[in-house]
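Worksheet: one structure, shown below.
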Amino acid sequence: MAEAQPIMREVDDVKLSAIDLRAEYAESGVEAVLDELDRTLIGLKPVKQRIKETAALLLVERARKRLGLAHETPTLHMCFSGNPGTGKTTVALRMADLLHRLGYIRKGHLVSVTRDDLVGQYIGHTAPKTKEILKKAMGGVLFIDEAYYLYRQENERDYGQEAIEILLQVMEHQREDFVVILAGYGDRMERFFESNPGFRSRIAHHIDFPDYADDELLSIADVMLEKQNYGFDAEGRAAMEQYIALRRRQPHFANARSIRNALDRARLRQANRLFETSDGPIGADTLSTIVAADIRASRIFRNEAGQESEARQLEGAS
Amino acid sequence: MHITQGAFSFLPPLTDEQIARQVQYCIDKGWAVSLEFTDDPHPRNTYWDMWGHPMFDNPDAAALMLELKACRKVYGDRYIRLVAFDSSHGWESVRLSFIVNRPAVEPGFRLERQETAGRGIRYTTRSYAAGRPAGERYG
C-alpha cells in the first residue's frame, strides 16, 4: 500500500493480542463458500485461486483491524474480464456472499445492471437514474455487465460520462457501503480503462476468466442436465463431445451459455422425438435420457457433414 | 423550544449512526422509508413535503442516509423527519416516524387566548416562526 499505515496501536483499548486465523476462517463461513465454489464451478482454476487469495487477504485484514493495526477499509472494487459465458455473473454472486460473510458488506445482495439501467435518455435523466441504482446496491455488490458501454468515445456528449462520474465519486466516498464489480470482454475492458484512468486506480482486483476447455464444457453439460433431472446415454455424451468441438469453431461461441442453449434445444428435440415415436407407456428413464439423435440433429453437424448428410436426410424423408 | 413530535423526540437528537440503525430496523421489517421536510412545525401540520420517493426496494440504510445528507444540504435549516410506511395488508400506514433534523433555533409557540361568549376561552397555539412567509422562517 502506498499510504503508510498510521502506527497508533491503542494498546489499552485492544483486548485481543492474538487471533487464531484458522478459527476465524472456520467461524466466518468463508470455508463453506470457497468449498461450494470449488464443487459447483467447473474449471476456472486461476479465478478460484484469485478468489482464495482475496479471501485470505480480507481475512488477514479483518484480523489486523481487530488488533488495531489497520483502520481503513481496503478497496474491494473488482474487474472481471473474460469471454461471454465464462461464469462472471455466477462468480460475482459468490463474491457477494463471500464479502458478506467476511463482514465487508452488510447485506450481501447483488444488483446486476447494464448501461441501460444507469444512463438516461435525456439531459438530467442520468443522475437520478444512476443514484437510484446506487441506492439499491448499498450494502451489497453492484455488478456492471459490459461496463465499457458506459463510455462512448465517438460521442463526447454521451450521458454515459455523467454516470461514470457519479459512480467514481460514490466508489471513492462510500467504499464501506458497497462494492462495484465491472465485467466485460478483456480487450474492451482494457480500452475502457485506458480512456478512464480514474476507474483503473479505484479498482484493486483484476480477475481474468479463461475460456473453458472442451472436457470442462462437457462436465458442465453433465451438471446442467443433472440439475434438470436429465442425463446422456453413452452415445449421446459422445455426440455432445463432438458438438462442443464443432461449436467452438463457429462464430458467437459463448462457452457455458452456448452449452445451455444447445441443451435446451436438445430437450426440445427429445420431447418431439418421444411424442412422435412413442406407442404405449414410457418409463422415467426414457423421459429423461438425451440420446445421440437429439444432439446430432443440430445445425452444426449438418454444416460439418455438408451435402452428404442433407442428401441422406432427403432420402430418409421421402 | 425543542419540539416533540414523532418517536424519540424526548431524547437528545439521534446521531447519524443511531438514525442509520433505526432505519435499518425499519427496512428489515419491510417498511418503505422516506424523508419529509417542513418549516411549519405546528403539530396539526401533517402534510410535510416529500423529499424524493419512498424507498421500497433498498435493502440497506446507507441509501437513506445518502438522501438525508442531500436533503440536509438543501433544507438543513428546516425540520426533516423520517417516515417508515408499512404497505402490508391491514396496516397500510406509517409505522414509525421521527425527526432527524431541526433548525438551529426553535423559537417555539405562543398560546393565544380568545375570550368568547360568557366567560368561555378558546385556545390557539401559533408558531413564532410561522409568522414569516414560507421559506424565510428559521434563517
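The values are calculated or read from the model by the stated rules, or taken from the named source; none is laboratory data. This structure is a prediction, so every number in the text was calculated from the model and none was measured. FYI the Cβ positions are ideal-geometry reconstructions off the backbone, even for glycines, and counts take in every protein chain you see. Ligands, DNA and RNA are excluded from the accessible area calculation, which covers all protein heavy atoms including side chains. Shrake-Rupley method; radii C 1.70, N 1.55, O 1.52, S 1.80 Å.
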Just one listed residue, out of B:100, B:105, is open to solvent by less than 60 Å² (accessible area, probe 1.4 Å) and under 20 Å from the mean Cα position of the chain (by Cα), and it is B:100
Tell me, which strands (runs of 3 or more DSSP E) wholly within the stretch A:128-212 include 2 or more residues that are within 21 Å of residue A:117 (Cβ to Cβ), touching a helix residue (DSSP H, G or I) at 6+ places or on another chain (Cβ under 7 Å) and at pLDDT 90 or above? A:141-145, A:179-184
Residue B:129 vs. criteria in contact (Cβ under 8 Å) with a residue 40 or more places away in the chain, aliphatic (A, V, I, L, M) and within 14 Å of another protein chain (Cβ to nearest Cβ): no
Residue B:81 vs. criteria more than 14 Å from chain A (Cβ to nearest Cβ), more than 12 Å from the chain's Cα centre (by Cα), touching a residue at least 60 places away in the same chain (Cβ under 8 Å) and part of a strand (DSSP E or B): no
Set A:220, A:207: member being of a type in the set (Val, Ile, Thr), farther than 14 Å from residue A:85 by Cα, in contact (Cβ under 8 Å) with a residue 40 or more places away in the chain and surrounded by 13 or more Cβ atoms within 10 Å (Cβ to Cβ): A:207
Filter the stretch A:37-78 down to residues that are exposed (fewer than 15 other Cβ atoms within 10 Å of the Cβ) and of a type in the set (S, T, N, Q), then give me how many there are. 3
Reported set for the stretch A:82-125 where residues are touching a strand residue (DSSP E or B) at 6+ places or on another chain (Cβ under 8 Å), polar (S, T, N, Q) and within 24 Å of residue A:169 (Cβ to Cβ) is A:112, A:114
Among the residues that make up the stretch B:108-127, is at least one of them open to solvent by 30 Å² or more (accessible area, probe 1.4 Å) and either closer than 30 Å to residue A:176 by Cα or within 16 Å of the chain's Cα centre (by Cα) (or both)? no
List the number of the failed condition for residue B:21; all other conditions in (1) in a helix (DSSP H, G or I); (2) more than 14 Å from chain A (Cβ to nearest Cβ); (3) open to solvent by 80 Å² or more (accessible area, probe 1.4 Å) hold. (2)
Residues in the stretch A:87-127 that are within 14 Å of chain B (Cβ to nearest Cβ), assigned to a loop (DSSP other than H, G, I, E, B) and open to solvent by less than 50 Å² (accessible area, probe 1.4 Å) total 4
Tell me whether the stretch B:54-68 contains one or more residues that are loosely packed, with under 12 Cβ neighbours inside 10 Å and more than 9 Å from chain A (Cβ to nearest Cβ). no
Please go through the stretch B:24-41 and pick out each residue that is farther than 21 Å from residue B:73 by Cα and surrounded by fewer than 17 Cβ atoms within 10 Å (Cβ to Cβ). B:25, B:28, B:29, B:30
Going through B:40, B:57 one at a time, which residue ends up being in contact with a helix residue (DSSP H, G or I) (Cβ under 7 Å, 6 or more places away or on another chain), farther than 28 Å from residue A:100 by Cα and part of a loop (DSSP other than H, G, I, E, B)? B:40
